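Asks: This is the structure I have questions about; it appears just below.
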Amino acid sequence: MTSFDQNHGKWREDHEVPGRFIRECVGAEIMLDIWNTQYHGSGNMFLGLYIKLENPLGASEFITYLREAWKSLRWEIPTIALQVYHAPVKRDSLPKPYMVYDVVKSSSEADDWAKFTALLMEGYKDLDDLRYHIGQDPLPPTDFIPQTFVYALQTSPDSFGILIHTSHAISDGNAIKIVGNRLLYHLANYIEDSDYQKLESKKIQWSSESVNLVPVMSGVIQNYEPAVKDSSGNIIKEEIPGEIREGPAYDKTLAEVMDGLNKGLTLAHPFKSIIHPIFDVRKQNPRSHRVYYTFTLEESEKIKAACKPTRSMPEKLTSLNMKETVNGALGLVTILDNPPQKYSDAMLFFWGAIDPRKKLISRYRDYPSFAIGLSALLLPVSLYEKFSHEDRRTLVLEFAKATREEYKR
């Protein structure tokens with residue numbers, strides 16, 4: 001099997017546009033880019049943060065501080081200013097997606113970018129209300145425009161909500177938290193330290209921030225590092241095993257992952273389609289629906305207890321974690337809403353996501369862009385027929401155990 005060409009995802013200067021850097025999208029980035037264009041609004045990522053200040057601040061003063069922090073973050077993590085470009089290819093083929101970064105040529109250009117992408121919002125009751133209203137459309141809707149924004153919402157004289165909105169093609173759940181933590185770090189310093197702006201101004205050299213562009217995730221996977229010994233032969237740093245990127249073991253794993261995806265797509269359990277209220281696609285875009293429920297502390301403790309081994313279910317050799325349990329509940333809800341035929345060999349097809357950051361080179365462990373290993377989680381719908389349909393607890397736990405076994409696979 002031919003090994004993956006790592007050069008596909010390397011940043012390079014665009015010789016046709018001065019100050020522009022470009023790289024091909026690779027792996028799941030391509031899939032997420034396609035979904036963003038095909039499934040209305042499905043590629044939106046959000047992180048909401050509520051902060052309480054020691055001293056009250058006016059909204060205009062707060063957004064000024066936030067924009068300064070946003071600019072510092074762009075210097076540190078240029079990912080937040082990435083754009084996308086779709087290069088035309090063959091007549092009947094999808095265009096090839098690229099990530100694009102245009103360097104900032106001046107402080108005034110950085111100010112303009114911050115004013116365009118860091119916005120003060122009014123008229124929303126909370127961040128979830130704001131998230132719902134801005135998250136209905138594809139992001140970005142077209143090429144060569146920003147695909148990461150930050151919004152501020154004042155909730156009281158000394159409290160604000162901050163909502164980061166970005167594309168899933170350049171971020172994931174942990175990446176957006178890393179970005180959010182760094183934004184809060186800069187914001188706190190701008191608010192509390194009157195000298196911080198001077199320090200940042202000396203550090204930031206616009207038009208050279210491209211040195212901080214992170215490589216594509218597959219290009220910074222951990223290499224083998226031998227143990228380090230002192231002059232007496234004592235090990236002062238243990239060896240670090242490298243991650244396998246080619247050879248029989250790599251080929252075997254890749255084949256298993258691809259086989260799982262093929263099987264999942266082929267045997268995926270069909271869902272019924274419900275669109276309510278009915279709308280005319282020629283006149284309006286679809287609106288997403290949402291349902292949320294907050295578990296009480298008592299309910300949360302009961303869920304945790306249900307995940308632990310019991311005498312009646314000793315086959316649960318280890319406790320189920322919350323991810324497995326929630327996935328089990330989601331599997332059952334899907335079955336209840338889409339009942340299978342008897343003796344069905346169909347599968348519930350979930351995307352199994354693994355965070356590989358601990359397998360990256362040490363300097364990239366806080367990788368601020370998309371870094372997810374994906375494979376298929378296949379849960380047989382036949383599990384539903386093996387137990388009483390009234391025993392929801394057992395059904396949830398059985399689907400959860402099947403999820404755990406899939407993650408092991």
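Read-outs: derived from the displayed coordinates by stated rules, not from any lab. All figures in this text were calculated on a predicted structure; none of them were measured in a lab. We place every Cβ from the backbone using ideal geometry, glycine too, and count neighbours over all the protein chains shown.
Asks: So which chymotrypsin sites (Phe, Trp or Tyr not before Pro) in the range 74-162 end up in coil per DSSP with only 15 or fewer other C-beta atoms within 10 Å?
Replies: F144
Asks: Test of the criteria: in the range 289-393, which trypsin sites (Lys or Arg not before Pro) are in a DSSP loop and have at most 14 other Cβ atoms within 10 angstrom of their Cβ?
Replies: R290, R311, K342, R365
Asks: How charged is the neighbourhood of L163? Take every other residue with its Cβ under 11 Å from the Cβ of L163, and add Lys/Arg as +1 and Asp/Glu as -1.
Replies: Taking every Cβ under 11 Å from that of L163, the sum is -2.
Asks: Looking only at the range 6-216, where both bridge partners belong to it, what percent of the DSSP beta bridges are antiparallel (to the nearest 5)?
Replies: The antiparallel proportion sits near 90 percent.
Asks: For helix 297-306, what angle does its Cα long axis make with the longest principal axis of the chain, in degrees from 0 to 90 and rounded to 10?
Replies: 50 degrees
Asks: May I ask for the longest run of the chain untouched by GluC sites (Glu not before Pro) that are loop-located per DSSP and have at most 15 neighbouring C-beta atoms (other than their own) within 10 Å?
Replies: It runs 123-237.
Asks: Rounded if a/c is under 1.5, else prolate if a/b beats b/c, else oblate: with a ≥ b ≥ c from the C-alpha gyration tensor eigenvalues square-rooted, which is the range 248-408?
Replies: Rounded is the answer for the range 248-408, as its axis ratio a/c remains below 1.5.
Asks: Ok, one more. Sort H86, H15 so that the residue with the fewest other Cβ atoms within 10 Å of its own Cβ comes first and the one with the most comes last.
Replies: H15, H86
Asks: Averaged over all directions, how much area does the convex hull of the C-alpha atoms of the range 6-216 cover when projected, in nm²?
Replies: Averaged projected hull area, Cα only: 12.4 nm².
Asks: Enter the Cα centre distance for the pair the range 194-263 and the range 323-346, rounded to the nearest angstrom.
Replies: 38 Å
Asks: Summing +1 for each Lys or Arg and -1 for each Asp or Glu, what net charge is found among the other residues whose Cβ lies under 12 Å from the Cβ of G43?
Replies: Net local charge, G43 excluded: -4.
Asks: Restricting to DSSP loop positions (anything but H, G, I, E, B) with no more than 11 other Cβ atoms inside 10 Å of their own Cβ, which chymotrypsin sites (Phe, Trp or Tyr not before Pro) remain in the range 183-232?
Replies: Those satisfying the criteria are Y224.
Asks: Ok, one more. Under 5 Å between amide hydrogens, which residues at least 5 positions from Q222 or on another chain qualify, with H placed 1.01 Å from N in the peptide plane?
Replies: Correct list: E243, L360, I361.
Asks: Sticking with this structure for a sec: Which values of log₁₀ I(q)/I(0), to two decimal places, follow from the Debye formula for the chain at q = 0.10, 0.11, 0.14, 0.15 Å⁻¹ with a uniform point scatterer at every Cα?
Replies: Debye intensities relative to I(0), on a log10 scale: -0.89, -1.06, -1.46, -1.53.
Asks: Along the range 192-203, what does the Karplus equation 6.51 cos²θ - 1.76 cosθ + 1.60 (θ = phi - 60°) give for ³J(HN,Hα), rounded to whole Hz, x for Gly and Pro?
Replies: Here the 3J(HN,Hα) series is 8, 10, 5, 8, 5, 5, 5, 5, 5, 4, 6, 7 Hz.
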